[in-house]
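Below is one structure, written out as structure tokens, with a few remarks after it.
The values are calculated or read from the model by the stated rules, or taken from the named source; none is laboratory data. As the structure is a computational prediction, the values presented were derived from the model and not from experiment. Don't worry about glycine lacking a Cβ; one is built from the backbone with ideal geometry, like all the others, and counts go over all protein chains shown. Areas reflect the complete protein model, heavy atoms only, side chains present, ligands, DNA and RNA absent. Shrake-Rupley method; radii C 1.70, N 1.55, O 1.52, S 1.80 Å.
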Amino acid sequence: MPPADAAEPAEHRCPSAPTVTVLTPDPVDVPAVCDGAWRAIGFLAAAGLQPPEGARIELVERMPEGLRDNSAGCYIRGARRILLLRYAAFAQRGHWFGLAVDRGLYRSAAAHEMAHAVVGCHADLYLPGPAHEYVAYVTMFATMDPAVRERVLARFPGTGFDSVMQINPTVYFLDPLQFGAEAWRHYLRQPDRAAWLREVVAGRAVPEMQLDVPR
């Protein structure tokens, strides 16, 4: 039998999120990816942001050139493609968010990328990249198991953004993981969190700034 790496990829429909399919030659990763997608869709639907009619998460051995070495996935806006490392490639990193890699963290990475896809079906292509990342990180933290979330936040201390002006490309590119933790803390302070997320996605909350790079 050929190794999984040499097998042809197949589409696997997520039972819990039937609008989502996972493209991979090895179905062992599908349950965690589907669980992450389902959690992200549920969280954002509760905020009034429905998922795309169809989404496919492509599991790959490596990220495209030009991304950070610690990137676990990416969302290609123009093509509306979701790419996520296969678990074996993700696990080779050893750590993510300062914690030892496990299937729970992998599920969170899937939730993050699925959130990008939900935002992508509601937002203009010119929505600032940090706004996309803000919603994706908020979704990721919201759908993490609470004990894991607390361990991650302890490794990235802070008080949250003081102003939307801090939700900018420079802050994000300096340290994406710290950006994510601060986004979550900022989100928790919003009096109407669901309405706030809709404002972010609509492009009415985060200002567009120079150095922004579409994802």
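Observations on the structure shown:
- For the chain, the longest principal axis of the Cα atoms and the long axis of helix 176-188 meet at an angle of about 60 degrees.
- For the options P52, P25, P157, a Gaussian network treatment of the chain with springs between C-alpha atoms closer than 10 Å singles out P157 as fluctuating the most.
- Separation of the range 148-187 and the range 31-105, taken as the distance between their Cα centroids, equals 19 angstrom.
- Mean Cβ neighbour count within 10 Å, used as a protection proxy, ranking 88-100, 118-130 highest first: 118-130, 88-100
- Within the listed set G203, G42, G66, the residue fluctuating most in the Gaussian network model of the chain (springs between alpha-carbon atoms under 10 angstrom) is G66.
- Where no second cysteine Cβ lies under 4.7 Å, the cysteines concerned in the chain: C74, C121
- Accessible surface, the chain, averaged per residue in Å² (probe 1.4 Å): 48 Å²
- Carbon and sulfur %, accessible surface of the range 14-128 computed with the full protein complex present, 1.4 Å: 53 percent
- Charge context of H122, other residues only, Cβ under 14 angstrom, K/R +1, D/E -1: +1
- Across the chain, the mean sequence separation of Cα contacts (distance under 8 Å, 6 or more residues apart), normalised by length, yields a relative contact order of 20 percent.
- Computed with a 1.4 Å probe on the full set of protein chains, the accessible area for W196 sits at about 40 Å².
- Counting every alpha-carbon pair across the chain, the share separated by more than 24 Å comes to 38%.
- Stretched out straight at 0.36 nm per residue, the stretch from Q92 to V164 would grow longer than its current Cα-Cα span by 22.4 nm.
- In range of the label at D69: residues from the range 82-123 whose backbone nitrogen is under 16 Å from the point 7 Å along Cα→Cβ: 90-98
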